[in-house]
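J.: The structure under discussion is supplied below as structure tokens; questions concerning it will follow.
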Amino acid sequence: MKTRNSLPAFAALLSATFLSTALVNAAELNIIIEEVPDYEIVKKLTDEYMAANPDVTVKFDAMPFDAMRDKILTSSLAPSATYDVIIIDNPWMEEFAKAGYLAPLDDYIAASDGYNFDDFVGAVSSIGVVDGKTYGVPYYNYALGLIVRQDIFDKEGLEIPTTIEAYMDTVKSLTTEDFFGAAMQPQKGYKIMEEWKNWLYANGGEVFDADGNIIINNEAAVKALNQYIETYNTAAPKNSLNWGFDEALRAMSSGTAATMLSYNWMLPALNAEGGMSGDLAGNFTLHEVPGGKAVLGTWSWGLPANAKDKEAAWDFVSWISSPEVAKRRAIMGGAPVRTSVLEDETVWAEGYGEAYYKALTGILDDAAPLTSGTNAEELIEIIGTELSAAVSNQKTPQEALDDAAAAVKRANR
Amino acid sequence: MQLKHRLVLPLALVLSAVMLYPVAFSFWISLHDYRLTRLDDVRWVGFENYKFIATDPGFLNAMGNTITFVIGAVTLELILGLGLAILLQRLVRFQNFIRSTLLAPMFITPIAVGLMFRFLLNSELGVISHYLGEIGITVDWFGPQLALFSIILIDVWQWTPFMVLMFLAGLESLPKSPFEAARIDGASAWLTFRCVTLPMLRPVITVAIIIRALDAFKVFEYVFAITRGGPGDATETIMYYIYQAGFRFFRMGEAAAAAFMLIAVILVLVIALVKATKSSTAGRNNV
């Protein structure tokens with residue numbers, strides 16, 4: 001009787017021992033991530049990672065862009081991080097790194113055999129480097145490219161414009177009463193700043209000069225804004241001052257616009273059979289932004305400074321961003337950030353074709369972020385507000401840019 | 001401590017924890033250069049944040065837009081709500097069905113309402129713009145001239161039912177005898193409404209205006225979903241300004257100062273409204 005009673009107790013003790021051992025070894029990685037096409041690919045690949053590492057559970061907290069910044073902030077301010085891995089948009093990198101929210105990754109990178117950090121496209125990987133330390137490794141790029149309806153260009157016998165002036169002429173010539181040359185995104189704030197800065201680059205302008213002086217209201221900037229307004233007035237849908245990404249994309253996919261300056265990775269989505277473009281799928285092509293230099297956006301993987309298990313987190317990050325997995329991610333439709341992937345003929349064949357990757361290589365070769373600094377997010381909003389005021393005729397371009405320069409100085413006080 | 005004080009103590013403690021402490025802490029923040037990304041460098045600045053906000057063209061514009069929005073939206077909701085409530089009160093058949101249908105917009109979350117109207121009023125993709133175009137009317141709903149008015153109309157669509165609900169309850173609670181007396185005296189419908197219904201309904205109207213005005217001061221979702229405060233700063237409201245300062249730029253000191261200045265403006269307006277109502281009621285009673 002005594003023996004029979006002790007058996008269940010022994011079994012329970014044994015189970016508890018195994019369970020506690022398993023809990024000690026098991027790792028759960030919580031990752032905040034934006035809901036974009038690349039996330040779906042990362043999620044699928046992560047299933048393989050978990051299958052190969054059964055003691056690791058990866059949980060994604062996917063959300064729209066607008067919800068991410070304050071979630072990352074609150075996680076970073078907590079004694080113990082909510083997220084073990086975060087993704088960081090390029091305007092946030094310097095701000096978060098200097099606030100002490102991010103762990104430097106240099107030692108992890110150096111200790112990872114075959115990781116080949118130098119293989120990342122320079123313009124993209126440099127975004128994760130702040131004061132000589134690497135705080136982020138590239139996840140995907142969202143550099144802007146020129147997306148066109150190639151069938152319309154072919155039918156009209158039009159060349160792909162390579163200068164901003166040629167682009168303005170082309171889109172104007174394509175505009176009719178119910179069809180528009182350019183689906184623009186002049187919505188106040190980030191969107192208009194992101195779009196207009198391509199005009200600024202085409203005119204050789206910038207937000208700050210090499211010495212850090214604000215030059216947003218110089219001659220080049222005023223000319224760029226005048227050109228942008230002219231393009232809006234002559235080639236964009238009427239009454240589209242509040243248009244952002246969604247509206248412009250719908251105009252392209254529904255066949256009411258011939259071009260848009262947008263994220264390069266929208267091309268596969270527009271061309272997907274049975275996707276948003278319906279019968280128009282396959283007619284869209286990607287090209288370098290007119291003028292050459294493009295606005296560059298990048299999301300980077302980062303480890304919060306207050307994350308508990310950074311080794312486990314880095315193991316996942318180094319795996320998902322490794323050359324091998326990066327290649328497979330690109331073939332599945334992800335936006336490439338490694339040179340080896342962009343030049344890989346297998347990727348060309350099994351992905352979206354040589355032309356797409358070559359166009360993307362050209363875009364990334366000459367691309368730069370919207371702005372930098374610890375308050376980049378605020379500066380983008382300030383300038384974007386004034387640009388919107390100029391496009392909607394509330395201010396002249398010179399007034400708007402003078403006000404933008406004054407407001408930037410005020411914000412940097 | 002007396003029993004009555006001890007009985008109140010738990011409530012006082014809870015209120016202190018959930019209201020007084022946060023308000024006091026917010027006030028403390030408003031007196032500091034308090035940035036969430038520089039918590040190791042929080043500095044006392046006294047009323048500098050208040051001075052900065054008071055001279056910030058963005059804040060003054062946002063306050064102006066908000067006051068215009070509150071006056072426009074609440075006035076339209078008051079007029080429409082009162083009219084609909086009077087019509088509904090007289091309705092004999094389908095009253096419950098129509099009441100339930102009218103109340104439906106109130107149950108939709110404002111952010112969804114904003115997204116819905118963003119596309120309904122879209123010049124190229126929107127149903128409303130399409131049918132207006134069919135009859136030759138083109139409206140730039142979110143252009144600099146109309147954007148704030150469009151946001152007001154959206155608020156009116158969503159919150160007029162609240163006014164209807166309040167006024168309907170008020171109308172149904174009114175005594176019948178003054179109306180019968182007015183009818184016997186041969187008063188017209190308009191005279192009855194102006195001299196009997198409206199004065200008796202005044203307390204309900206005051207409460208409804210205060211509740212709606214307080215809520216309208218918080219307008220954020222429509223702006224966030226549709227215009228982001230644009231074009232330019234044509235639709236930037238005070239809540240959007242505070243959201244930007246606090247949660248996008250992490251300047252909590254300035255955001256807190258702006259919030260306290262908003263509270264001050266609301267307090268002044270509410271006190272003025274209540275006083276005006278009281279003096280009007282007192283004046284009528286003296287007559």
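J.: Can you give the angle from 0 to 90° between the axis of helix A:2-25 and the longest principal axis of chain A, with both taken from C-alpha atoms, to the nearest 10?
T.: 30 degrees
J.: Give me the base-10 log of I(q)/I(0) for segment A:189-251 at each q in 0.25, 0.28 Å⁻¹, Debye formula, one uniform scatterer per Cα, rounded to two decimals.
T.: So the normalised log intensities work out to -1.08, -1.22.
J.: Still on this structure: For B:SER129, what is the net charge nearby, where nearby means another residue's Cβ is under 11 Å from its Cβ and Lys, Arg count +1, Asp, Glu -1? Don't skip to the answer; put the middle values down first.
T.: Values: positive: A:LYS238; negative: B:GLU124, B:GLU134, B:ASP140.
Net of charged neighbours comes to -2.
J.: Follow-up. Just to confirm a number: summing +1 for Lys and Arg and -1 for Asp and Glu over residues other than A:ALA27 whose beta-carbon lies under 13 angstrom from that of A:ALA27, what do you get? Working shown, then result.
T.: Working: positive: A:LYS59, A:LYS308, A:LYS310; negative: A:GLU28, A:ASP55, A:ASP84, A:ASP309, A:GLU311, A:ASP315.
Computed value for this residue: -3.
J.: If I take all pairs of Cα atoms in segment B:56-286, what percentage of them are more than 34 Å from each other?
T.: Of the Cα pairs, 27 percent sit more than 34 Å apart.
J.: Taking the 0 to 90 degree range and rounding to the nearest ten, how far is the long axis of helix A:190-202 tilted relative to the main principal axis of chain A, both from C-alpha atoms?
T.: Tilt of helix A:190-202: around 60 degrees.
J.: So how compact is chain A: Cα radius of gyration and Dmax in angstrom?
T.: According to the Cα coordinates of chain A, Rg and Dmax are 24.2, 97 Å.
J.: What helices does chain B have that are whole DSSP H segments, at least 20 Å long along their own axis by Cα, and with mean Kyte-Doolittle hydropathy of 0.5 or more?
T.: Working: long enough: B:57-90 (49 Å, 1.34); B:147-173 (39 Å, 1.49); B:198-216 (25 Å, 1.51); B:252-286 (50 Å, 1.19).
Result, helices passing both filters: B:57-90, B:147-173, B:198-216, B:252-286.
J.: Calculate, for B:LEU3 and B:VAL23, the FRET efficiency according to 1/(1 + (r/R0)^6) with r their C-beta to C-beta distance and R0 35 Å; round to the nearest 0.05.
T.: FRET efficiency, B:LEU3 to B:VAL23: 0.75.
J.: Something else: Helix-only mean residue ellipticity at 222 nm, chain B, DSSP H runs n ≥ 4 weighted -39,500 (n - 2.57), per residue, nearest 500. What is it? Working shown, then result.
T.: Values: 13 runs with 191 residues, N = 287.
Rounded to the nearest 500, it is -21500 deg cm²/dmol.
J.: Oh, and also: Filter the GluC sites (Glu not before Pro) in segment A:220-314 to those in DSSP coil with at most 15 other Cβ atoms within 10 Å of their Cβ, and list the result.
T.: Filter output for segment A:220-314: A:GLU273.
J.: Relative to the first principal axis of the alpha-carbon coordinates of chain A, what is the inclination of helix A:219-235, with its axis defined by its Cα atoms, in degrees from 0 to 90 and to the nearest 10?
T.: 80 degrees
J.: Across peptide B:240-250, what mean number of C-beta atoms from other chains lies inside 10 Å of a residue's C-beta?
T.: 3
J.: Which of the GluC sites (Glu not before Pro) found in segment A:34-99 are in a DSSP loop and have at most 15 neighbouring Cβ atoms, other than their own, within 10 Å?
T.: Qualifying residues, ordered by number: A:GLU35.
J.: Choose one of A:LEU261, A:ASN116, A:VAL36: the residue whose Cα lies farthest towards the positive end of the charge dipole of chain A (beta-carbon charges +1 Lys, Arg; -1 Asp, Glu; about the Cα centre).
T.: Of the candidates, A:VAL36 comes out farthest on the positive side.
J.: Looking at the protein assembly as shown only, what percent of DSSP beta bridges run antiparallel? Nearest 5 please.
T.: Rounded to the nearest five, the antiparallel share is 65 percent.
J.: Now, a different point. As a test of the formula, what do you get for chain A when each DSSP H run with n ≥ 4 contributes -39,500 (n - 2.57) and the sum is divided by the residue count, at 222 nm and rounded to the nearest 500 deg cm²/dmol? Don't jump to the answer; show the numbers that get you there.
T.: Values: 19 runs with 202 residues, N = 413.
Mean residue ellipticity at 222 nm (helix-derived): -14500 deg cm²/dmol.
J.: Once the Cα atoms of segment A:148-289 are picked out, what are the Rg and Dmax in Å?
T.: Final numbers for Rg and Dmax: 15.4, 51 Å.
J.: Separate question: Enter the mean number of other protein chain beta carbons within 10 Å of the beta carbon of each residue in A:150-163, as an integer.
T.: Counting other chains' Cβ atoms within 10 Å and averaging over A:150-163 gives 0.
J.: Longest segment of chain B with no chymotrypsin sites (Phe, Trp or Tyr not before Pro) in a DSSP loop having at most 15 other Cβ atoms within 10 Å?
T.: Counting at most 15 other Cβ atoms within 10 Å as exposed, the longest clean stretch of chain B is B:95-287.
J.: Hey, another quick one. Would you kindly work out the equivalent ellipsoid of segment A:286-413 from its C-alpha gyration tensor and give its semi-axes, the square roots of five times the eigenvalues, largest first in whole Å?
T.: 36, 24, 10
J.: Okay, moving on. Taking every eigenvalue of the Cα gyration tensor of segment B:29-123, multiplying by 5 and rooting it, what semi-axes result, largest first, whole Å?
T.: Over the Cα atoms of segment B:29-123, the ellipsoid semi-axes are 45, 17, 14 Å.
J.: Grab the beta carbon distance between B:ILE71 and A:THR361, set R0 = 56 Å, and tell me the FRET efficiency rounded to 0.05. Please report the intermediate quantities before stating the final value.
T.: Values: r = 56 Å, r/R0 = 1.00.
E between B:ILE71 and A:THR361, to the nearest 0.05, is 0.50.
J.: Okay, next question. Report the local net charge at A:ALA281: Lys and Arg +1, Asp and Glu -1, summed over other residues whose C-beta lies under 14 Å from its C-beta. All intermediate terms of the calculation are to be shown ahead of the outcome.
T.: Values: positive: A:ARG149; negative: A:ASP151, A:GLU273, A:ASP279.
That works out to -2.
J.: Then there's this: Give the range of the longest stretch in chain B that excludes all trypsin sites (Lys or Arg not before Pro) found in loop regions by DSSP and having at most 14 other beta-carbon atoms within 10 Å.
T.: B:177-287
J.: R0 = 25 Å: FRET efficiency of A:LEU77 with A:ASP47, Cβ-based, nearest 0.05?
T.: 0.20
J.: Turning to a different aspect of this structure: Which shape class applies to segment A:225-300: rounded if a/c is under 1.5, otherwise prolate when a/b exceeds b/c and oblate if not, where a ≥ b ≥ c are the square roots of the Cα gyration tensor eigenvalues?
T.: Oblate is the answer for segment A:225-300, as a/c is 1.5 or above yet b/c matches or exceeds a/b.
J.: Related question: Ignoring solvent entirely, what values of log10 I(q)/I(0) come out of the Debye formula for the protein assembly as shown at 0.08 Å⁻¹ when each Cα is a single scatterer?
T.: Values, matching the q order: -0.76.
J.: Still on this model: For A:GLU28, list long-range residues whose amide hydrogen, built 1.01 Å from N in the peptide plane, is under 5 Å from its own amide hydrogen.
T.: Answer set, sorted by chain and number: A:THR57.
J.: Could I ask something else about it? Under the classification rounded if a/c is under 1.5, otherwise prolate if a/b is larger than b/c and oblate if not, where does segment A:25-161 fall, given a ≥ b ≥ c as square roots of the Cα gyration tensor eigenvalues?
T.: Details: a/c = 1.80, a/b = 1.61, b/c = 1.12.
Here segment A:25-161 falls in the prolate category.
J.: To continue, here is another question. Just the C-alpha atoms of segment A:97-223: what Rg/Rh do they give, with Rh taken as the Kirkwood radius?
T.: With Rh from the inverse mean 1/r over Cα pairs, Rg/Rh is 1.09.
J.: In nanometres, what is the gap between the two model label sites at A:ALA406 and B:VAL207, each 7 Å from Cα along Cα-to-Cβ?
T.: 4.8 nm
J.: Note down the magnitude of the dipole of segment B:166-259 about its Cα centre, charges +1 on Lys and Arg C-beta and -1 on Asp and Glu C-beta and zero elsewhere, to the nearest 20 debye.
T.: Dipole of segment B:166-259, to the nearest 20 debye: 40 debye.
J.: What is the magnitude of the charge dipole of segment B:56-286 about its Cα centre, with +1 placed on the Cβ of each Lys and Arg, -1 on the Cβ of each Asp and Glu, and no other charges, expressed in debye to the nearest 20?
T.: 820 debye
J.: Another question, then. Translational diffusion coefficient, Stokes-Einstein: compute it for segment B:94-196 using the Kirkwood radius over C-alpha pairs as Rh, at 37 °C and 0.692 mPa s, and state it as an integer in µm² s⁻¹. Mind dumping the intermediate values first?
T.: On the way: Rh = 17.0 Å.
It comes out at roughly 193 µm²/s.
J.: Identify, among B:ILE108, B:ALA181, B:ASN96, the residue whose Cα sits farthest towards the positive end of the charge dipole of segment B:56-286, taking +1 on the Cβ of Lys and Arg and -1 on the Cβ of Asp and Glu, with the dipole about the Cα centre.
T.: After comparing all options, I get B:ALA181.
Laboratory data are not the source of any read-out in this text; all were calculated from the coordinates shown. These numbers were taken from a predicted model, which means no experiment stands behind them. Positions of Cβ are generated from backbone atoms using ideal geometry, with glycine treated the same way; all protein chains shown enter the neighbour counts.
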